[in-house]
Amino acid sequence: AVAGGAATGAAEAASGPAKEEAAAGPPTVPKPAMVEDEAAVKLQSSFRGLKTRDSRQEAARLQWFNYYMQPEVADWDEAEKMAVTDGELAAVAAARAAAGDKAAPEHPEEQRRLQWFKHYLTSWKFAEADELVATKEEKAQVVKAKAMAASQCCSCLPNKGEIERDRQSKFMIAIKSYEWDVAEILAMAPDEVQDVAHSRMRYSQLKEAIGRRDFALARQYMITKDEQEMVHMAESTAPPPKTDGMSDADAALKEELRRVEWLKYYQGLAQYDKALELAVTPAEVAEIKEMQAKAMPPPPAAAVPVPEPVAKPAPEPELKPYPEPVPEPVPTPTAAAADTAAAPAPEAPPTEGKA
């Protein structure tokens with residue numbers, strides 16, 4: 001009886017949830033469209049949140065990068081940590097080099113480029129080295145390496161003369177364009193090395209003389225036409241030189257005193273045209289013009305017409321008595337004339353028809 005009662009209770013307990021499920025009916029299944037919409041909304045919200053967070057992080061990164069790059073901060077290590085793109089890394093390296101940070105670590109890519117560039121130079125693979133050239137100095141290194149290889153009678157470089165002429169041409173161009181580092185690399189002969197040193201020193205002294213406005217000394221250092229034009233332009237636009245230890249106001253006062261002194265000097269010599277060139281104020285101009293007007297001679301008086309002289313009659317010639325004729329002397333015969341008279345006359349020439 002007890003076992004039968006327990007079985008009856010278990011059956012009733014088991015039939016309880018079944019009765020409830022039967023009363024509730026079959027379970028409802030969500031439509032697929034509703035599931036996709038909810039998933040899309042969740043995904044979009046998640047993506048929007050990530051995008052917003054990334055944009056905020058990028059803005060914060062740029063703010064810190066620009067902060068470290070400021071000259072007042074100049075924390076290049078932290079700026080390099082914040083750098084992401086190649087342009088930002090290059091900007092950090094350029095700013096570090098411009099600030100004179102010699103301990104600046106180079107970019108790994110730049111280090112590899114330099115290593116391969118040196119390897120190609122030492123291996124005489126000049127075509128590959130040309131592809132890695134980045135500066136004028138590196139181009140000069142390639143040209144010099146070619147010339148040195150040609151001077152050693154390398155069989156792989158047949159155009160030795162052309163290579164040497166190219167090096168000499170680039171060397172002269174570097175000297176004329178004041179690219180001293182390039183010229184030092186291209187120099188091979190001792191006289192070329194000395195030429196670079198002398199040219200560098202000469203140009204430095206030329207610039208110093210122009211800076212001191214010592215144009216007489218600058219003319220001694222100038223050689224090329226461009227240098228002559230540079231000195232002429234600097235001399236024509238330079239202000240008047242100041243005396244050592246004299247302020248601008250004192251120098252201006254000294255120039256004004258010199259002007260007034262020369263103005264009075266020209267007035268004393270009655271050279272009013274030159275004095276007018278130095279006149280500045282209206283009072284000085286009026287004074288000089290007044291002195292010039294007083295110094296001018298008065299105009300000549302009107303000339304009184306002079307009557308023409310009356311012509312006098314010519315005097316009559318004085319009559320003189322006619323002189324009496326003088327008899328001519330009779331010539332006296334000479335001895336030659338007497339001989340001529342005594343000589344017999346020659347015979348007459350024969351006439352025609354007579355024997």
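The values are calculated or read from the model by the stated rules, or taken from the named source; none is laboratory data. Bear in mind the structure is a predicted one, so any value in this text is a computation, not a measurement. Please note: Cβ atoms are built from the backbone with ideal geometry, for glycine as well, and neighbour counts cover all protein chains shown.
Any idea which residue in the range 166-190 is surrounded by the most Cβ atoms within 10 Å (Cβ to Cβ), counting only those that are among the charged types (D, E, K, R) and touching a helix residue (DSSP H, G or I) at 6+ places or on another chain (Cβ under 8 Å)?
Arg167
Go through the residues of the range 166-187 one by one and say whether even a single one is modelled with pLDDT under 85 and in a helix (DSSP H, G or I).
So the first thing to find is which residues in the range 166-187 are modelled with pLDDT under 85, and the list is none.
No, the range 166-187 has no match at all.
A single entry from Lys254, Lys207 fulfils the requirement of being at pLDDT 80 or above and in contact with a Ser or Thr (Cβ under 8 Å, 6 or more places away or on another chain): Lys254. Assess whether Ser155 counts as being modelled with pLDDT under 85 and closer than 26 Å to Gln115 by Cα. Considered against the rule, which asks whether it is modelled with pLDDT under 85 and closer than 26 Å to Gln115 by Cα, Ser155 comes out as no.
State yes or no: is Trp116 touching a residue at least 24 places away in the same chain (Cβ under 8 Å), more than 30 Å from Ser199 (Cα to Cα) and not basic (Lys, Arg)?
On the way: touching a residue at least 24 places away in the same chain (Cβ under 8 Å): no; more than 30 Å from Ser199 (Cα to Cα): yes; not basic (Lys, Arg): yes.
No.
All conditions but one from (1) outside the structural domain of Lys136 (by TED's automatic domain parsing); (2) closer than 30 Å to Ala150 by Cα apply to Asp214; the one that does not is (2).
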